[in-house]
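Right, one structure below, let's go through it.
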Amino acid sequence: MNPFAPLRRTWAHRALVSALVRRELAARYRGGTLGFLWSFLNPLLLLLVYATVFRYVFAPRADVRPYALFLFGGVLLWGFASAALIDAAECFRANGPLLRKTTVSPEVFPAAAVGARLAHFVLAFPVLVAAIVYAAVRGSVHIGAAALEFPLVLVLLALAVFGAALGISALSVHYGDVRDLVGNLLTLAFFLTPILYPVEAVPERWRWALRLNPFSSFFDGLHDTLFAFRPVPAVDWLWMAAVAVAALAAGGAVFERLRDSLAEEA
Amino acid sequence: MSSPEAAISVRDVSKVYRRYERRAHGTLKSLFVVGARGRTRDGGVVALDGVSFWAARGETLGVVGANGSGKSTLLKLLAGIVRPTRGSVDVRGRLAALLELGAGFHPEISGRENVEITGLLLGLSRKAIAERFDAIVRFAGVEDFLDAPVKTYSSGMAVRLGFAIAAHSDPDVLLVDEVLAVGDEMFAHRALEKFSEFERAGKTLVFVSHDLGLVAERCRRAIWLERGRVAADGPAGEVVARYREQVAAEEGERRAAAAGKGKRVGSGVATLELVRLLDREGRPVARVRSGETAAIELVVRAFEPLEDFVFGVEIATVAGATVFGTNTLLEGFRPGRLAGDARVTLEIPSLDLAPGVYSLDAAVHARDGAPYDYRRDVLRFEVAADRPSTGVWSPGRKWTFSGGVRWKD
């Protein structure tokens with residue numbers, strides 16, 4: 001059994017995956033008058049809420065300034081990862097008729113779930129860029145070339161999320177409680193991941209524990225590249241790559257083992 | 001069982017669907033406690049049991065059988081959607097499956113976008129879809145609705161579009177499950193034409209249908225599945241005839257059990273003790289052949305002597321349309337006296353009904369129509385015919401041709 005076979009098949013069916021992603025986006029925005037504008041409006045409103053709340057309601061963290069920008073980047077990226085995993089847990093249920101009635105390769109559904117969320121993130125990304133530029137103009141951050149490393153962080157995270165999505169999607173067909181479990185673990189992980197706080201806020205002797213959370217290094221990478229504008233340390237790249245490969249191998253192995261039964265059980 | 005020309009060969013295939021005790025609540029606990037694989041050992045539902053058959057290239061193979069006999073499972077195995085538990089399934093060439101037309105359609109997006117996605121689902125390349133796009137749209141007749149979301153389509157339009165995409169995906173092997181049942185007459189006609197095109201192009205067609213007339217007519221060979229096994233495999237006409245006989249026999253038993261459960265009204269002064277359909281030898285039957293002699297027999301019991309009585313029968317379609325009705329008054333019999341038990345037989349020398357199931361009403365009533373015993377739907381019977389036809393009347397008939405008309409064989 002090749003745990004990377006699902007990845008290979010996804011690649012072979014990339015045209016279908018991209019069509020499914022476009023279908024998902026088109027279906028989501030059709031019907032609303034503002035359409036695709038919501039991709040910008042949603043994150044923009046979120047940013048405004050943070051900026052307002054941490055200015056007038058709560059005191060922002062003193063160690064990361066501007067805190068609203070710090071928080072916004074993390075929350076956007078977290079939004080991608082968590083929504084993709086939750087959608088993955090639902091994808092076979094949502095596509096049951098297709099799975100049972102056509103000869104489609106089942107990998108395409110978790111792939112499309114992750115792809116659609118990634119597309120949402122990419123559509124919202126200009127808002128983050130605008131916020132960074134605004135902060136730079138006001139002198140709150142100093143943009144550096146390290147920002148160009150972010151796409152690689154995103155790619156590695158997307159691969160890791162896809163690996164996990166493969167496993168979660170296949171398991172959720174057989175075990176109804178996977179969806180709830182995933183939702184709750186994600187809520188917990190949100191607080192255990194450096195999103196609300198920087199890695200530096202964690203005492204030195206507990207950093208290793210943070211490392212055990214597979215999400216951590218990616219968000220650390222986000223903060224390095226798009227907030228502090230310093231290059232990602234080599235050890236962090238290795239860690240991110242290792243998480244991505246491990247997730248793909250583990251998720252792929254689970255998927256491969258359950259693959260034949262998906263059409264029967266979904 | 002195999003041949004070098006076989007497009008499809010199925011060897012000793014069994015399919016057991018796992019049945020979980022609480023499938024809907026399959027929990028993670030079961031994974032950790034027994035392991036995912038261990039759960040298969042608690043028995044299961046046998047959908048197919050040792051099925052073997054093959055289909056040659058260019059052959060149209062019909063599959064008939066009752067609901068639950070394994071037809072859909074067989075198609076899913078051929079399509080590769082599910083794997084056999086045992087045995088092997090070998091399909092040569094590109095395959096397209098029409099298991100549910102428009103299964104891949106997303107209601108919120110346009111017909112145009114759905115065509116592309118469905119094409120990709122069927123394994124077409126983007127380029128191939130673009131090339132065939134116009135032909136697909138023309139076949140489906142949805143030119144004016146291409147950019148409207150599919151949820152605004154009528155069900156007929158969606159079905160036509162689904163069929164058009166699959167039909168234009170240029171498969172070597174086409175699996176068709178009961179798709180003709182969903183469209184209107186016009187669609188069925190175009191679909192059948194398309195199937196003929198496939199046959200002429202040397203494609204292999206596997207055709208599952210409850211429309212036995214269609215199977216007998218369109219398919220050279222047929223297999224009959226019963227409870228997951230091949231009950232018959234041979235020329236379509238023979239297989240269909242055998243299947244029909246079996247169904248009729250089972251129906252007869254069921255009808256006998258259900259007889260007399262129809263609506264019954266009347267004063268009860270006289271009652272219909274028995275209503276039967278007899279064949280030409282006088283045997284009670286549930287099925288007769290069109291054009292043969294049949295008789296309706298009533299056994300009547302009068303609980304007091306009557307001087308005002310009429311016997312009547314009426315044949316109707318199961319949908320309720322009257323096909324034929326008569327009674328002794330209409331036919332000029334003037335009642336004298338009815339006492340005790342009596343037997344009334346109406347013989348019909350040539351029952352020229354079209355194939356189908358019919359319902360019989362029988363009554364004994366007064367001349368003014370006041371019922372003594374009026375039994376609606378007292379029995380149902382099937383009329384079988386060698387030649388299919390539409391409507392309810394199937395007279396003896398003969399075609400003659402002359403001049404510039406020729407028929408193949």
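The values are calculated or read from the model by the stated rules, or taken from the named source; none is laboratory data. Everything numeric here is computed off the predicted structure, so don't read it as measured data. All Cβ positions, even for glycine, are placed from backbone atoms using ideal geometry, and neighbour counts span all protein chains on display.
Anything in segment A:173-201 that is facing chain B (nearest Cβ under 10 Å) and crowded, with 21+ Cβ neighbours inside 10 Å? List them, or say none. Matches in segment A:173-201: A:VAL173, A:HIS174, A:VAL178.
Only residues that are in contact with a Lys or Arg (Cβ under 7 Å, 6 or more places away or on another chain) and buried (at least 17 other Cβ atoms within 10 Å of the Cβ): list them for segment B:263-293, please.
Our first condition is that a residue be in contact with a Lys or Arg (Cβ under 7 Å, 6 or more places away or on another chain); within segment B:263-293, this holds for B:263-264, B:270-273, B:275, B:284, B:286, B:292-293.
B:ARG264, B:ALA270, B:THR271, B:LEU272, B:VAL275, B:ALA286 - these are the residues of segment B:263-293 that are in contact with a Lys or Arg (Cβ under 7 Å, 6 or more places away or on another chain) and buried (at least 17 other Cβ atoms within 10 Å of the Cβ).
When each of A:ALA112, A:ALA68, A:ALA51 is tested for being within 14 Å of chain B (Cβ to nearest Cβ) and in contact with a Leu (Cβ under 9 Å, 6 or more places away or on another chain), the lone residue that passes is A:ALA112.
May I ask you to verify whether B:SER359 is crowded, with 18+ Cβ neighbours inside 10 Å, of a type outside the set (A, V, I, L, M, F, W, C) and within 22 Å of B:ALA385 (Cβ to Cβ)?
Values: crowded, with 18+ Cβ neighbours inside 10 Å: yes; of a type outside the set (A, V, I, L, M, F, W, C): yes; within 22 Å of B:ALA385 (Cβ to Cβ): yes.
Considered against the rule, which asks whether it is crowded, with 18+ Cβ neighbours inside 10 Å, of a type outside the set (A, V, I, L, M, F, W, C) and within 22 Å of B:ALA385 (Cβ to Cβ), B:SER359 comes out as yes.
Being without any contact (Cβ under 8 Å) to a residue 40 or more places away in the chain, touching a strand residue (DSSP E or B) at 6+ places or on another chain (Cβ under 9 Å) and not acidic (Asp, Glu) is the filter here; which residues of segment B:138-166 pass it? Correct list: B:PHE145, B:LEU146, B:ALA148. In segment A:18-34 there is at least one residue matching the filter, namely being among the hydroxyl-bearing types (Ser, Thr, Tyr), more than 8 Å from chain B (Cβ to nearest Cβ) and not in a helix (DSSP H, G or I). Quick one: would you say B:GLY340 is in contact (Cβ under 8 Å) with a residue 12 or more places away in the chain, surrounded by fewer than 19 Cβ atoms within 10 Å (Cβ to Cβ) and assigned to a loop (DSSP other than H, G, I, E, B)? So B:GLY340 does not fit the description; no.
Yes or no: segment A:149-159 includes at least one residue that is exposed (fewer than 13 other Cβ atoms within 10 Å of the Cβ) and either touching a Leu at 6+ places or on another chain (Cβ under 7 Å) or of a type outside the set (Ser, Thr, Tyr) (or both). Checked segment A:149-159: at least one residue is exposed (fewer than 13 other Cβ atoms within 10 Å of the Cβ) and either touching a Leu at 6+ places or on another chain (Cβ under 7 Å) or of a type outside the set (Ser, Thr, Tyr) (or both). Taken across segment A:90-108, residues that are more than 10 Å from every other protein chain (Cβ to nearest Cβ), within 14 Å of the chain's Cα centre (by Cα) and either touching a residue at least 24 places away in the same chain (Cβ under 8 Å) or assigned to a helix (DSSP H, G or I) (or both) do not occur at all. Check whether at least one residue in segment A:223-243 is within 14 Å of chain B (Cβ to nearest Cβ), in a helix (DSSP H, G or I) and crowded, with 18+ Cβ neighbours inside 10 Å, and report yes or no. No; the residues of segment A:223-243 include none that is within 14 Å of chain B (Cβ to nearest Cβ), in a helix (DSSP H, G or I) and crowded, with 18+ Cβ neighbours inside 10 Å.
Listed here are the residues, each with its yes/no results for (1) at pLDDT below 90; (2) of a type in the set (Val, Ile, Thr); (3) farther than 21 Å from A:PRO151 by Cβ.
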site	(1), (2), (3)
A:GLY183	no, no, yes
A:THR187	no, yes, yes
A:LEU196	yes, no, yes
A:VAL202	yes, yes, yes
A:TRP206	yes, no, yes
A:PRO214	no, no, no
A:GLY221	no, no, no
A:ASP224	no, no, no
A:PHE229	no, no, no
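For segment B:51-87, filtering for residues that are more than 15 Å from B:ARG221 (Cα to Cα), more than 21 Å from the chain's Cα centre (by Cα) and of a type in the set (A, V, I, L, M) leaves 6. Does A:PHE218 satisfy being touching a residue at least 60 places away in the same chain (Cβ under 8 Å) and at positive phi? No; evaluated as a whole, the condition is false for this residue. Scanning segment B:77-107 for residues that are under 19 Å from B:ALA140 (Cα atoms) and either crowded, with 20+ Cβ neighbours inside 10 Å or facing another protein chain (nearest Cβ under 7 Å) (or both) yields B:ALA96, B:ALA97, B:LEU98, B:LEU99, B:GLU100, B:LEU101, B:GLY102, B:ALA103, B:GLY104, B:PHE105, B:HIS106. The strands (runs of 3 or more DSSP E) found wholly in segment B:18-116 and carrying at least 3 residues that are β-branched (Val, Ile, Thr) and modelled with pLDDT of 60 or more occupy B:44-56, B:60-64.
Screening A:TYR197 against (1) of a type in the set (Phe, Trp, Tyr); (2) in a loop (DSSP other than H, G, I, E, B); (3) under 16 Å from the mean Cα position of the chain (by Cα) leaves a single unmet condition, (3).
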